[in-house]
Amino acid sequence: MLMKVKKTLLFGLMAATLLAFATEASGATVQWILGMEGPSSWTVNPTNPTSNDLVGFSGPTDQVYDNYWVGEVSGGGSPNIIIDSENYTIELWFEPPPPTDIPTLWDPVCGLQGEFGPLDEGNWTFFCDNPVALFSISFQVIPEPCMLSLIAFSSLALIRRKHRNP
């Protein structure tokens, strides 16, 4: 019986170790929201992500633009994300230069959306200082519940159950 418990605990430890190393590296995407009516305010989702979550975001621009090109010319470049892990900030900024290929079609855009993360646990600020999308949101990244604790708790419960019902 003791050997079975040791094997169960060893398997649990190996599974927890594999899960701990399977998280994605920090990355980010940004895209224009098509249409005439976008979100009413800037948000992140989930509002209190864990250190393993990707964080989605969306928000309005200062006006509806005829197409993405007009929005990028107004912002001074293409929308991009900078993640500063030392200062716990995520900046939405417009990377110069503005686009030069001029589309002639009317395809209105009314906001920006995307995702970033996973992020280290701590208090973060997501912001943009550009008048095209001026905002600042503070949020907290909480630690992911430790898989090892869950496995250990499950193993103890199993041991107690087997001990009571031989």
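The values are calculated or read from the model by the stated rules, or taken from the named source; none is laboratory data. Given the structure is predicted, the values throughout are model-derived calculations rather than measurements. Cβ coordinates were reconstructed from backbone atoms using ideal geometry, including for glycine residues, and neighbour counts include every protein chain displayed.
Annotation note: of Glu72, Glu86, Glu115, Glu91, the sole residue that is touching a Leu at 6+ places or on another chain (Cβ under 6 Å) and either charged (D, E, K, R) or not in a strand (DSSP E or B) (or both) is Glu115.
Scanning the stretch 79-135 for residues that are free of Cβ contacts under 8 Å to residues at least 24 places away in the same chain and over 19 Å from the mean Cα position of the chain (by Cα) turns up Glu95, Pro96, Pro97, Thr100, Thr104.
Identify, from the list Thr50, Thr61, the residue that is under 12 Å from the mean Cα position of the chain (by Cα) and touching a residue at least 40 places away in the same chain (Cβ under 8 Å).
Thr50
Across the stretch 43-69, the number of residues qualifying as more than 14 Å from Val132 (Cα to Cα), hydroxyl-bearing (Ser, Thr, Tyr) and in a strand (DSSP E or B) comes to 2. Has the stretch 29-42 got any residue that is modelled with pLDDT of 95 or more, surrounded by 14 or more Cβ atoms within 10 Å (Cβ to Cβ), in a loop (DSSP other than H, G, I, E, B) and not acidic (Asp, Glu)? Within the stretch 29-42, one or more residues are modelled with pLDDT of 95 or more, surrounded by 14 or more Cβ atoms within 10 Å (Cβ to Cβ), in a loop (DSSP other than H, G, I, E, B) and not acidic (Asp, Glu). For the criterion of being of a type outside the set (A, V, I, L, M, F, W, C), under 16 Å from Ser51 (Cα atoms) and modelled with pLDDT of 95 or more, Glu144 fails.
Please specify each residue of the stretch 118-142 satisfying the condition of being outside any strand (DSSP E or B) and either in contact with a Gly (Cβ under 6 Å, 6 or more places away or on another chain) or not aliphatic (A, V, I, L, M) (or both). Result: Pro118, Asp120, Glu121, Asp129, Asn130, Pro131, Val132.
For the stretch 97-112, filtered to residues that are of a type in the set (A, V, I, L, M) and in a strand (DSSP E or B), the residue that is surrounded by the fewest Cβ atoms within 10 Å (Cβ to Cβ) is Val109.
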